[in-house]
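Taking it in order: structure first as structure tokens, then the write-up.
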Amino acid sequence: MMVPRQSVRRQSMMSMLAIIVTTCTIRPSSAAAWVPTPPPRRRTNASASSSITALAAKKSKKNTKRSTNNKSSGGGFGRTSNKSDDNNAAVLSISPPPTKVTAAAPTYDAKELAVYTKYVKEESSRRQTKKDAAGLVQISSSPLMFTMDNFMNADACTTLTEEDSEAFCLEFRDNVSQLLGGQMGALDGMKFNYASSRDANNDATSEQVSFPDGVHMDTNNDCIFRHLTAILYLNDVPTECGGATLFPLARVFDNDPVLSASKRLLHEKIGHTRSCGVVRKSGVNREADAQLLESRVGSHFLKNPSAEGAIRVQPQAGKLLLFFSRTASGMEDPRSWHGGERLRHAPRDNNESSVGATMEKRILTIFKQVDYGSQQPDLAESSLETYLSHQIQTQSQSLLRLSQL
């Protein structure tokens, strides 16, 4: 019996479909009914927040671990790191913070304490000197000269009298000593000077600039160790009344004949233009040289100061003038001749016919002399100039440093 071809084909297709269904069907391993796995649910906001928090904590811990590994060579505080070269793994151990310990006060033995106390004292003195000397100004290099306004209290200077000046003079001497690095000589002298426009030698009616007492060196009268002068002005003197301290040779040219005249006078041991020794026993007359020195400040000085070779310091209460009569080599400085300018009456009510008020000038002067005290230099066979030069250089350098503050 013949089976139709269509039937055979239909049976083959059904068999293949049965095999496919049998292969793809998943059956539970047990006899229990199979329950399909539900699909995953979406995260809620709460679960997402907790996941983010956990992730941040994990990342922070990772960064801390990495930072500790980087600092392990520097000894991070409270942590130790064992670093592996193979996998860069780090094992951290966190130690508790150390207990706070109060540091004990430092102790010094007697020698250390003495050294420290001396240092504090010297440093305080140096700083005070630097503060006090802030206004020191160098106005000339030859002669080496400085001025300082308000060096002493102006009111105290104005009311000072010679009778009650002991305490003031001691303070003045100490202040000058500080400028010189603390040097104070037993041979230093101090003098109180007073002048008036009514003095006979002042010729108060003349307008000519002149020196009523001549010009001089502070090394005159055989004061061979004297090298530095400190003048404190105790009252104000207006410019139109004169009274200035004048240095007629301070700014003259090196080839000026007046410098040659100055050197000739010093060679003859003449330290004052009004000295009776101007005519020496040898018969050499130096009077012309003395007159030349005094004539170097003319009547045109006030009109054109730049044309003069002189330096003029006008009195002002509390003002200090310091100048050296000797150079750094110990030689007398031929430019350090100086003198007081003539005083004139103070003008009154712009009335030319009236006699002006009397003008006064008061100064307090310290004459410094080279004095090494117990620290004498080893200059057995040296000259006088060499002997003097060491202290002169020390003091001049101290003033130059302070003037540059």
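The values are calculated or read from the model by the stated rules, or taken from the named source; none is laboratory data. Everything quoted here is computed from the prediction, not taken from an experiment. Ideal geometry is used to build each Cβ from the backbone, glycine not excepted, and the neighbour counts take in all protein chains shown. For accessibility, only protein heavy atoms count, side chains too; no ligands or nucleic acids. Shrake-Rupley method; radii C 1.70, N 1.55, O 1.52, S 1.80 Å.
Side notes on the structure shown:
- Residue among THR158, THR147 that alone is modelled with pLDDT of 85 or more, within 30 Å of GLN291 (Cβ to Cβ) and of a type outside the set (D, E, K, R): THR147
- Meets criteria (farther than 30 Å from ARG401 by Cβ and either surrounded by 12 or more Cβ atoms within 10 Å (Cβ to Cβ) or among the charged types (D, E, K, R) (or both)) for SER177: no
- When residues of the range 158-174 are limited to those that are outside any loop (DSSP other than H, G, I, E, B) and loosely packed, with under 11 Cβ neighbours inside 10 Å, the one nearest to the chain's Cα centre (by Cα): ALA167
- Selection status of THR358, modelled with pLDDT of 95 or more and not acidic (Asp, Glu): no
- The number of residues in the range 232-244 being modelled with pLDDT of 90 or more and either part of a loop (DSSP other than H, G, I, E, B) or open to solvent by 10 Å² or more (accessible area, probe 1.4 Å) (or both) comes to 8.
- Residue within the range 300-309 that is among the acidic types (Asp, Glu), at negative phi and either at pLDDT below 90 or in a loop (DSSP other than H, G, I, E, B) (or both) present: yes
- Residues located in the range 356-384, provided they are surrounded by 13 or more Cβ atoms within 10 Å (Cβ to Cβ) and out of contact with any strand residue (DSSP E or B) (no Cβ under 8 Å at 6 or more places or on another chain): ASP371, TYR372, LEU379, SER382, LEU384
- Against the list (1) assigned to a loop (DSSP other than H, G, I, E, B); (2) under 29 Å from SER275 (Cβ atoms), the condition GLY181 fails is (2).
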